[in-house]
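> Dropping a structure here in structure tokens format, bear with me for questions.
The values are calculated or read from the model by the stated rules, or taken from the named source; none is laboratory data. Everything numeric in this text was worked out from a predicted model, so none of it was measured. Cβ sites come from the backbone with ideal geometry, for glycine too, and all protein chains shown count toward neighbours.
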Amino acid sequence: MKGQAALEFLMTYGWAILIVIAVVAALYAMGIFKLPTGGLGKCSPCFPPGSAIAYVDHNADNLVIRVGPEDIKDVSVIIGDNVVASQEGTFPSGSKITFTAPGAFKDDVKVTISYVSATSGLPHNVTATLHGA
């Protein structure tokens, strides 16, 4: 009698433990327990509000920005002291610019965008940190 009660107790709780393990394994497989990379999104801090450019998106090889409230020209992407991509010409307000630099944006990287205001002709630099592409 005591043996049967003990066996029933172990079987009941054994199945319950197996179900809990299966649920935890399923949640883990779905990535529920993963922390967000960088914790701050893909760009932090992004380009300052009111600047002539805005961050759109990036992956390991490409960076996409949008031209802000004023036309700009001769835009370059600088990482450290190296220009990794540039595009010459005038870009109207609201247009998107895509820069391609294989592997340049794959890790946390501080990016400086250099451009010239088409209205005033003055050069400007804005900086952002891009996180895990």
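> Looking only at region 46-61, filter to residues that are in a strand (DSSP E or B) and under 19 Å from residue 116 (Cβ atoms); which one of those is nearest to the chain's Cα centre (by Cα)?
Our first condition is that a residue be in a strand (DSSP E or B); within region 46-61, this holds for 53-58.
Now narrow it down to the ones that are under 19 Å from residue 116 (Cβ atoms): 53-54.
Values: 53: 17, 54: 14 Å.
Checked region 46-61; the qualifying residue nearest to the chain's Cα centre (by Cα) is 54.
> What number of residues within region 85-102 are among the basic types (Lys, Arg) and buried (at least 17 other Cβ atoms within 10 Å of the Cβ)? Steps first, answer last, please.
So in region 85-102, the residues among the basic types (Lys, Arg) come out as 96.
Cutting the leftovers down to buried (at least 17 other Cβ atoms within 10 Å of the Cβ) gives us none.
Looking only at that region, the number is 0.
> Out of the residues in region 120-133 that are in a loop (DSSP other than H, G, I, E, B) and modelled with pLDDT of 90 or more, which is farthest from residue 77 (Cα to Cα)?
This residue is 120.
> Return the only residue of 83, 64 being touching a His at 6+ places or on another chain (Cβ under 8 Å), in a strand (DSSP E or B), at negative phi and in the same structural domain as residue 123 (by TED's automatic domain parsing).
On the way: 83 fails: touching a His at 6+ places or on another chain (Cβ under 8 Å).
Within the list 83, 64, the selection yields 64.
> Sticking with this one: Would you be able to say whether some residue in region 102-110 is under 14 Å from residue 47 (Cα atoms) and either part of a loop (DSSP other than H, G, I, E, B) or touching a residue at least 24 places away in the same chain (Cβ under 8 Å) (or both)?
Initial filter on region 102-110 (under 14 Å from residue 47 (Cα atoms)): 109-110.
The next check asks that each one be either part of a loop (DSSP other than H, G, I, E, B) or touching a residue at least 24 places away in the same chain (Cβ under 8 Å) (or both); those that pass are 109-110.
Within region 102-110 (the criterion being under 14 Å from residue 47 (Cα atoms) and either part of a loop (DSSP other than H, G, I, E, B) or touching a residue at least 24 places away in the same chain (Cβ under 8 Å) (or both)), the answer is yes, since at least one residue qualifies.
> Which residues, counting only those in region 74-119, are at pLDDT 90 or above and of a type in the set (Phe, Trp, Tyr)?
91, 99, 115
> For residue 82, indicate whether it is touching a strand residue (DSSP E or B) at 6+ places or on another chain (Cβ under 9 Å) and surrounded by fewer than 14 Cβ atoms within 10 Å (Cβ to Cβ).
Values: touching a strand residue (DSSP E or B) at 6+ places or on another chain (Cβ under 9 Å): no; surrounded by fewer than 14 Cβ atoms within 10 Å (Cβ to Cβ): yes.
Answer is no for this residue.
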